[in-house]
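Read-outs: derived from the displayed coordinates by stated rules, not from any lab. Bear in mind that the values here come from a model prediction, so they are computed numbers and not experimental data. Here the Cβ is made from the backbone with ideal geometry for all residues, glycine too, and neighbour counts use every protein chain on show.
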Amino acid sequence: MKILITAGPTRERIDAVRFITNRSTGKMGYAIAEAAVEAGHEVTLISGPTSLNIPQHLMFIPVESAAEMAESVKEYAPESDAVIMTAAVADYRPVEIAPGKIKKGDNDLLLRLERTEDILAGLGKVKKKNQILVGFAAESDDLEIYAKDKLKRKNLDYIVANDISQTDRGFGSDNNAVIVFSAAGEHTEIPLDSKKNIAESLLKLIFS
Ligand code: CTP
């Protein structure tokens, strides 16, 4: 199968030397990409900036901003049997990017942000029959309610939710624990394990 995976954070530029980003390291997405290659799938990995080694035997597309990620995803999604969006895409970006470096002054500086495009929701709107769409949800409260809401709102087949209020898993860690909710109404818990093992379990669940 042809699988498109997104991973890592995005960077939204403020000026020539500054940007807004988040704590995503890309580890979960890269682990899924590696497990998918291992399982014999044809993999495209679209990644925001990370410090990880580029996995082998797949097509790697580096991007920086949410807009760049959206453009690449739109190029590759139509030909993909499954799209797994692990990327922590910025929800907001600065309205203006200063061409040089912003100099400090005595007054407060107001940074005006605008919404970015919701890439996954866009894919949900044009989803082909038999295409599998998988989203990720990092939640600190009411995990089940918010995850199920995203599953429905974005027209996904699966949403993989993790609880970011726990410090031994998720962001930056080599381990994770997730609950997967499906459009069919099932929910499956994948308990605390290495991201490599979680990735393998996830792929088995999605393609079973
Ligand atoms: N996503 C996306 N495009 C965006 C933002 C998120 O495709 N601009 C995808 C992520 O890759 C992930 C899922 O949507 O698979 C996360 O959903 P989202 O509603 O954006 O999560 P949060 O940002 O955590 O949302 P909220 O602030 O509502 O909790």
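³J(HN,Hα) across segment 101-109 via Karplus (A = 6.51, B = -1.76, C = 1.60, θ = phi - 60°), whole Hz, x for Gly/Pro?
Running phi through 6.51 cos²θ - 1.76 cosθ + 1.60 with θ = phi - 60° gives 9, 5, 8, 6, x, 7, 8, 5, 10 Hz.
Provide the gained length on full extension for the span Ile145 to Ser208, in nm with one decimal, where the gain is 0.36 nm per separating residue minus the Cα-Cα distance. Don't skip to the answer; put the middle values down first.
Numbers: separation 63, 0.36 × 63 = 22.68 nm, distance 2.53 nm.
Roughly 20.2 nm would be gained on extension.
Using amide H atoms built 1.01 Å from N in the peptide plane, name the residues 5+ places from Ser65, or on other chains, whose amide H lies under 5 Å from its own.
Arg11
Only sites in a loop by DSSP and with at most 15 other Cβ atoms within 10 Å count here; which GluC sites (Glu not before Pro) in segment 1-102 make the cut?
Values: sites: Glu12, Glu34, Glu38, Glu42, Glu64, Glu68, Glu71, Glu75, Glu79, Glu96; in loops: Glu64, Glu96.
Hits after loop and neighbour filter: Glu96.
If I fit a long axis through the Cα atoms of helix 195-206 and take the longest principal axis of the Cα atoms of the chain, what angle between them do I get, 0 to 90°, rounded to 10?
It works out to around 60 degrees.
Name the residues whose placed amide hydrogens come within less than 5 Å of the amide hydrogen of Phe19, ignoring near sequence neighbours (fewer than 5 apart) on the same chain.
The answer is Ile14.
Going through segment 118-208, which trypsin sites (Lys or Arg not before Pro) have at most 14 other Cβ atoms within 10 Å and a DSSP loop state? Write out the running numbers ahead of the final one.
Working: sites: Lys125, Lys127, Lys128, Lys129, Lys148, Lys150, Lys152, Arg153, Lys154, Arg169, Lys195, Lys196, Lys204; in loops: Lys127, Lys128, Lys129, Lys154, Arg169.
Listed in order of number, the matching sites are Lys128, Lys129.
Just for the chain, what percent of DSSP beta bridges are antiparallel, to the closest 5?
Numbers: 15 of 40 bridges.
About 40 percent, rounded to the nearest 5.
Within segment 158-202, list the GluC sites (Glu not before Pro) lying in a DSSP loop whose Cβ has at most 11 other Cβ atoms in a 10 Å radius. Spell out each step's value before the answer.
Working: sites: Glu186, Glu189, Glu200; in loops: Glu186.
In loop regions of segment 158-202 (DSSP not H, G, I, E or B), the sparsely surrounded GluC sites (Glu not before Pro) are Glu186.
Considering only DSSP beta bridges with both partners in segment 136-187, what is the antiparallel share in %, to the nearest 5?
Details: 5 of 9 bridges.
For segment 136-187, the DSSP antiparallel bridge percentage is about 55.
Give me the angle, in degrees from 0 to 90, between the Cα long axis of helix 143-153 and the longest principal axis of the Cα atoms of the chain, rounded to the nearest 10.
90
Can you list residues whose amide H is under 5 Å from Ile132's amide H, if they're 5+ apart or on another chain and H is modeled 1.01 Å from N?
Ala82, Val83
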